[in-house]
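The values are calculated or read from the model by the stated rules, or taken from the named source; none is laboratory data. Not measured: the values here are computed from a predicted model. Here the Cβ positions follow ideal geometry from the backbone for every residue, glycine too, while neighbour counts run over all protein chains shown.
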Amino acid sequence: MSTLPKFAVVGHPNKGKSSIVATLAEDDSVAISSDPGTTTRARTFPMRVDGKPIYELIDTPGFQRAREVLDWLQAHDRGAEAHPALLRQFVDTHRDDPRFRDECELLTPILTGAGILYVVDGAHPYGREYEAEMEILRWSGQPRMALINLIGRGDHVAEWRRAVDQFFAIVRVFDALHADFSKRIDLLRAFGELHEPWAPSLQQATEILIAERQRRRHRAAIEIADLLADSLTLTRKARVDGGRVDPAVTERLTGELKDAIRERERRARRVVHEIYQHLHVKLEETDTEILAKDVFSERIFSLFGLSGTQLALTGAASGAVAGGGVDLIVGGASLGLAAAIGAVIGAGGALLGADQLAKVKVLGAPLGGSELHVGPIADMNFPWVLLGRAVLHHRLVAERNHSRREKMVVDSSAGAHLTDDIDSGHRRQVERCFVTLRNERELDADMRRILIDEIETLLDDSKASP
Ligand SMILES: Nc1nc2c(ncn2[C@@H]2O[C@H](COP(=O)(O)OP(=O)(O)OP(=O)(O)O)[C@@H](O)[C@H]2O)c(=O)[nH]1
Ligand SMILES: [Mg+2]
């Protein structure tokens with residue numbers, strides 16, 4: 001039977017315990033603050049992959065009266081083999097004593113089988129007041145590891161090591177805010193070596209985490225490919241009455257198109273946040289302009305408001321159109337067809353111009369007129385800019401620990417150039433997808449796969465430039 005590894009994260013108040021819980025459980029809802037005493041209750045945060053827990057972190061309040069607890073334990077000492085039982089006895093006796101509420105909270109999960117991650121702050125000097133805490137934890141007999149977190153710029157790691165080495169078999173420097181993925185994997189493996197019964201579960205947990213990391217990258221690549229496909233094919237259009245295009249309409253449609261692209265990009269970012277379980281992160285962008293150049297626009301004469309079937313019916317009824325093939329968008333050359341329909345229905349055989357035709361209604365809908373199309377974006381650099389921004393954003397999200405509470409700043413102007421260094425082979429493949437999207441408005445399955453693969457390679461941080 002596999003046992004789910006559980007880690008109680010304990011230590012002095014305000015030393016980054018909750019930050020370590022947030023990082024290891026990938027949970028950005030954990031309460032973290034610079035005020036000591038933020039965590040007042042023990043609380044379990046499972047690390048889940050695909051809904052299944054692979055290990056659990058237990059956040060706890062800090063020690064308040066470690067010296068008094070140790071005095072009590074020593075006063076009742078019956079020998080080393082009874083130390084864990086005595087600790088249990090302490091908690092049972094003091095459960096309702098408000099003076100030891102935090103100690104009872106933090107010791108309870110340890111007494112029910114959790115391993116210990118003891119957190120100290122290596123940026124500040126070691127002090128003897130920590131010895132009582134470490135001694136109490138030793139009395140529990142539970143597997144335990146010390147983590148030297150670094151809150152600030154000081155470096156007292158060596159003196160901390162000399163002290164904690166005497167109480168803990170394994171000591172790691174583990175920066176709660178910046179520890180990268182490999183550090184987390186190392187920590188889990190080391191704990192597996194420390195506590196043999198958990199070795200298989202922790203080995204499996206590390207394998208799941210590594211596979212999950214690849215899967216997330218793949219899912220992010222799919223979302224970014226869809227973002228590019230949508231943004232390269234988006235258009236906005238409006239009817240043009242009276243045959244003249246009002247520049248204000250062009251401007252409005254251009255604005256709408258830009259907004260739609262920005263919204264699509266925002267949606268892609270939200271998806272990437274969800275993939276990486278960053279559910280509360282706030283974004284700040286330093287350069288918001290995606291489209292430096294004007295977007296493409298054209299005026300198209302079209303038949304409005306009638307479906308092909310309606311038109312065919314109308315044509316059949318009037319005898320003016322033979323067969324069912326009615327082109328909905330007609331240029332000057334085929335104007336006669338639309339006019340013919342309009343003539344039969346509305347004007348008793350007279351040929352009408354486009355703008356007059358617009359006034360003719362068939363089955364309650366106007367028959368023809370001009371339409372202004374803005375987009376899709378013609379600028380060939382545009383998809384590369386969008387891709388660069390997406391790669392940068394993904395990198396920030398994928399590397400962000402869940403203990404960070406500050407805004408995530410995306411310097412999009414830097415992102416825009418991230419794709420500049422792609423080698424020519426890859427660039428050609430991606431460019432081919434862009435051109436196809438522009439010309440055909442969609443990718444077939446093979447090309448979509450190529451685009452996703454190329455993006456996935458770009459997202460792979462081991463291959464990305466620093
Ligand atoms: N620079 C830096 N700050 C950190 C690090 N870890 C934690 N902090 C900060 O230290 C403060 C306390 O962090 P918490 O994780 O809330 O500490 P805690 O031990 O859970 O605190 P209590 O629940 O109050 O006992 C927060 O402002 C954190 O952002 C770190 O590795 N580097
Ligand atoms: Mg806390």
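Worth a mention:
A quick yes/no check of all residues on (1) within 8 Å of ligand 1 (Cβ to nearest atom); (2) part of a loop (DSSP other than H, G, I, E, B):
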{"site": "Asp35", "(1), (2)": "yes, yes"}
{"site": "Thr38", "(1), (2)": "yes, yes"}
{"site": "Thr44", "(1), (2)": "no, no"}
{"site": "Ile58", "(1), (2)": "no, no"}
{"site": "Gln64", "(1), (2)": "no, yes"}
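- Any hit, the range 211-219, residues being at pLDDT 95 or above, within 30 Å of Leu137 (Cα to Cα) and of a type in the set (A, V, I, L, M, F, W, C): no
- So Glu129, is it in the same structural domain as Gly16 (by TED's automatic domain parsing), loosely packed, with under 15 Cβ neighbours inside 10 Å, more than 23 Å from Leu202 (Cα to Cα) and away from ligand 2 (no atom under 16 Å from the Cβ): yes
- The residue pairs whose first member lies in the range 93-105 and is within 18 Å of Gly37 (Cα to Cα) and assigned by TED's automatic domain parsing to the domain that holds Pro61, whose second member is part of a helix (DSSP H, G or I) and hydrophobic (A, V, I, L, M, F, W, C), and whose beta carbons are closer than 6 Å, counting only pairs six or more residues apart or on different chains, are Glu103/Val69; Cys104/Val91.
- Flag for Val30 being within 10 Å of ligand 2 (Cβ to nearest atom), β-branched (Val, Ile, Thr) and not in a loop (DSSP other than H, G, I, E, B): no
- Complete set of residues in the range 370-425 that are under 26 Å from Arg216 (Cβ atoms) and of a type in the set (D, E, K, R): Arg389, Arg395, Glu399, Arg400, Arg404, Arg405, Glu406, Lys407, Asp411, Asp420, Asp421, Asp423
- Gly243 meets the conditions (1) at pLDDT 90 or above; (2) surrounded by fewer than 18 Cβ atoms within 10 Å (Cβ to Cβ) in every case but one. The failed one is (1).
- Tallying residues that are surrounded by fewer than 18 Cβ atoms within 10 Å (Cβ to Cβ) and either aromatic (Phe, Trp, Tyr) or within 16 Å of ligand 1 (Cβ to nearest atom) (or both) within the range 168-208 yields 6.
- Within the range 132-161, being under 30 Å from Gly79 (Cβ atoms) and within 16 Å of ligand 2 (Cβ to nearest atom) holds for one residue alone: Glu133.
- Selection count where residues are within 12 Å of ligand 2 (Cβ to nearest atom) and either of a type in the set (D, E, K, R) or within 22 Å of the chain's Cα centre (by Cα) (or both), scope the range 36-56: 3
- Qualifying residue in the range 384-396 (condition: more than 16 Å from ligand 2 (Cβ to nearest atom), under 30 Å from Arg239 (Cβ atoms) and surrounded by 20 or more Cβ atoms within 10 Å (Cβ to Cβ)): yes
- All of Gln74, Gln142 fail the test of being polar (S, T, N, Q) and outside any helix (DSSP H, G or I), apart from Gln142.
- Selection within the range 1-33: residues that are near ligand 1 (Cβ under 9 Å from one of its atoms) and of a type in the set (Gly, Ala, Ser). The member of this set that is nearest to Leu137 (Cα to Cα) is Gly11.
- Checked against (1) modelled with pLDDT of 95 or more; (2) surrounded by fewer than 18 Cβ atoms within 10 Å (Cβ to Cβ), Ser403 meets all criteria but (2).
- Residues that are within 15 Å of Ala390 (Cβ to Cβ), at pLDDT 70 or above and either outside any strand (DSSP E or B) or not charged (D, E, K, R) (or both), drawn from the range 275-299: Ile275, Tyr276, Leu283
- Qualifying residue in the range 61-84 (condition: touching a residue at least 60 places away in the same chain (Cβ under 8 Å) and within 14 Å of ligand 2 (Cβ to nearest atom)): yes
- Listed by first and then second residue, the pairs with beta-carbon distance under 8 Å, at least 6 apart or on different chains, first residue in the range 9-38 and at positive phi, second of a type in the set (D, E, K, R) and near ligand 2 (Cβ under 9 Å from one of its atoms), are Gly11/Lys17.
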